[in-house]
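The values are calculated or read from the model by the stated rules, or taken from the named source; none is laboratory data. Everything quoted here is computed from the prediction, not taken from an experiment. Glycine also receives a Cβ, built like all others from the backbone with ideal geometry; neighbour counts cover every protein chain displayed. With ligands, DNA and RNA removed, areas are computed over all heavy atoms of the protein, side chains included. Shrake-Rupley method; radii C 1.70, N 1.55, O 1.52, S 1.80 Å.
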Amino acid sequence: MARSSTSGLTFKLHPLVIVNVSDHYTRVKTQLNPPASVCASGHGSNNGEALIQQNPRVYGCVIGVQRGRTVEIFNSFELLYDPSTQTLDRSFLEKKQELYKKVFPDFYILGWYSTGSDADESDMHIHKALMDINESPVYVLLNPAINHAQKDLPVTIYESELHVIDGIPQLIFVHTSYTIETVEAERISVDHVAHLKPSDGGSAATQLAAHLTGIHSAIKMLNSRIRVLYQFLAAMQKSDIPCDNSLLRQVSSLLRRLPAMESERFQDNFLMEYNDKLLITYLAMITNCCSTMNEMVDKFNTAYDRNTRRGGRTAFM
Amino acid sequence: MEGSSTMMARKTWELENNIITVDQPDSNDTIFYYDDTAQSRFQQEKPWANDPHYFKRVKISALALLKMVVHARSGGNIEIMGLMQGKTDGDAIIVMDAFALPVEGTETRVNAQADAYEYMVEYSQTNKLAGRLENVVGWYHSHPGYGCWLSGIDVSTQRLNQQYQEPFLAVVIDPTRTASAGKVEIGAFRTYSEGYKPPDEPISEYQTIPLNKIEDFGVHCKQYYSLDITYFKSSLDSHLLDLLWNKYWVNTLSSSPLLGSADYVAGQISDLAEKLEQAESHLNHSRFGGIVPSSLHRKKEDESQLTKITRDSSKITVEQVHGLMSQVIKDVLFNSVRQSNNKSPNELSDTEPMITS
């Protein structure tokens, strides 16, 4: 079930989808296990029974765009699915799709999502049901178990492929890799919520500190990654691990990309921009000085006003 | 993953800014529970009817913030609007989710309400089926590039809303300033009813308003008050966001705020120049009026005008310098790689002046 996909499509996932799915799951879970003793029913559970479901499964659709070989998943919304009868509420899906089309006319349904630890056989039913909307839907699976030891995002993306098993062509799920894609605004708000950056003006010092801390943590990550690579290479040199040529090729190509930009025009542009910024700083400082001087002059005038009343002396400056 | 120094820094910051982190992961999520009976009781009691300043705080969920900012940014330079769903909790309004409305522009907003209402009703119905039980508690819209405040039309719309759809909240987002400054520009407001004179309160946070909008801002700024905004997220959200950082640091390092906001900065600087000219002409008038006490007041006004300009200019500069710092850091990291047998030592001397100042 966990083979790698061979379709060659690249998948890009936006953080909004991840937060959406997690929010959906948290909501359903909290509504099922209410703090008061109110029995509420959510979908994905046995209706009518006040069972404490620790890990309810939630289902939904993911939408986005597919341009050529790149599939970009932007957003998601919930679906109604009854696991006991294994029916998907079609009218609901269509209504929701219509609503989302009005606001995001470019997006269309790319697949569906669910929570759980592994892809199930029963998931194939939903997958097939969606195949009439999109011939090759994707299945995004989020594992809601909070495991502090794990370093990787518990999100996996599956595609379906037709394989011949025991002589019968069957659809099975295969893994695909994906990258996290983000726009600037998304990144800032995720950063804001994740790391609780100072939201208000604060002093210039706190802003500077926040900005530099962000960059610092990013550089630390880069450093640790490079260190891992370095240790790996050193071990290979000592023949502790067998030589992996493809990996060596990748590392060498990575190294060959540095320095990133070496053209003269880049240097010129860089210096020009640098000078521009320095100029802005200079102008701001001049404005600041003018304002301070102005204040000082006014205070001077007010203080020494009485002495210069006679003699028709006009403004000091 | 985090070093001890960052932990210390974060803890100090959290202390300074009164962040209340709930230790038990479970109780953190109780905010997600929608208690129907308690909410309807609150609706009937209407404690806000007597106190125009009743609601003081806003709690926005991570999801709602993300959705609103992404939607606002996707609109580019056009104002967009949407609705927020949530509930109330004492004197706080809690925003759990947000969704976009298929309307654009400011002038057409009053007419577009009919279309938007239909969409809203359908969306709320489908949401309730899908397990999102909250009601609409407010609306948000964007002011791309000109700050978070309520314009005249906004004030009248919100007044109407507060008459018929209480409890209701107005949120304004500025996606351009968010992208340029690197922090989220958002404001939450509630209007006073007409004729109500609020007790004079100092403006909480100063923000620069472009010259063509400053009149609109000034006329109405006393008719509403802003609420404090805090954010919350579920335990699963925090966990996922922490892990997300593993993939994400690449974007942080590679982001170039200078490139994206060049237009906006140019606009800001020209606006600042105009304000400076205005201030200068004011200054000239009062100068030649002689040193008469009545002109002292005008001088005070001009001075504060000049200080405002100074503050604006420093803000612009600070943002630019931050962007520049990122560029220089990236340059040092990725461009000044020197191998031992490098054939171009003159490039080394070129990079030196960039770093040493």
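Collect residues whose amide H, placed 1.01 Å from N in the peptide plane, falls under 5 Å from the amide H of B:M81; neighbours closer than 5 in sequence don't count.
Here the answer is B:L101, B:V103, since their amide H atoms fall under 5 Å of that of B:M81.
I need the GluC sites (Glu not before Pro) found in region A:131-169, filtered to DSSP loop residues with at most 15 other beta carbons within 10 Å of theirs. Don't skip to the answer; put the middle values down first.
On the way: sites: A:E135, A:E159, A:E161; in loops: A:E135.
Those that pass, being in a loop and sparsely packed, are A:E135.
Tell me, what is the 1.4 Å probe accessible area of B:C148, in Å² to the nearest 10?
We get 10 Å² for B:C148.
Quick one: which residues, 5+ away or cross-chain, put their amide H under 5 Å from the amide H of B:D97? H built at 1.01 Å from N.
Counting only residues 5 or more places away or on other chains, the set is B:Q85.
Please sort by residue number the trypsin sites (Lys or Arg not before Pro) in region A:61-108 whose DSSP state is loop and whose Cβ has at most 16 other Cβ atoms within 10 Å. Numbers along the way, then the final one.
Working: sites: A:R67, A:R69, A:R90, A:K95, A:K96, A:K101, A:K102; in loops: A:R69.
Those satisfying the criteria are A:R69.
For an R0 of 22 angstrom, estimate the FRET efficiency from the Cβ-Cβ distance between B:A38 and B:Q163 and round to the nearest 0.05. Walk me through the numbers before you get to the answer.
Working: r = 24 Å, r/R0 = 1.10.
Once the sixth-power term is evaluated, E becomes 0.35.
Please report, as a whole percent, how much of the solvent-accessible surface of region A:105-231 comes from carbon and sulfur atoms (probe radius 1.4 Å).
Working: 3490 of 6140 Å².
Ligands and nucleic acids excluded, carbon and sulfur reach 57 percent.
Please average, across the residues of B:172-180, the number of beta carbons from any other chain that are within 10 Å of each residue's own beta carbon, and give a whole number. List each step's numbers first, then the result.
Working: counts 0, 2, 0, 4, 1, 0, 5, 5, 1.
Neighbouring Cβ atoms belonging to other protein chains average 2 per residue here.
Once the piece of chain linking A:H175 and A:A234 is laid out straight, how much longer is it, given 0.36 nm per residue of separation minus the C-alpha distance between them? Mind dumping the intermediate values first?
Working: separation 59, 0.36 × 59 = 21.24 nm, distance 3.14 nm.
My answer for the length gained is 18.1 nm.
Rounded to the nearest whole Å², what accessible area per residue is found for region A:59-118 with the 1.4 Å probe? Don't skip to the answer; put the middle values down first.
On the way: 2510 Å² over 60 residues.
It amounts to 42 Å² per residue over region A:59-118.
How many angstrom lie between the C-alpha centres of region B:146-187 and region A:97-136?
34
Hey, what do the phi angles of region A:265-280 turn into as Karplus ³J(HN,Hα) couplings, whole Hz, using 6.51/-1.76/1.60 and θ = phi - 60°, x for Gly and Pro?
4, 5, 4, 4, 4, 4, 5, 4, 4, 4, 5, 4, 5, 5, 4, 4
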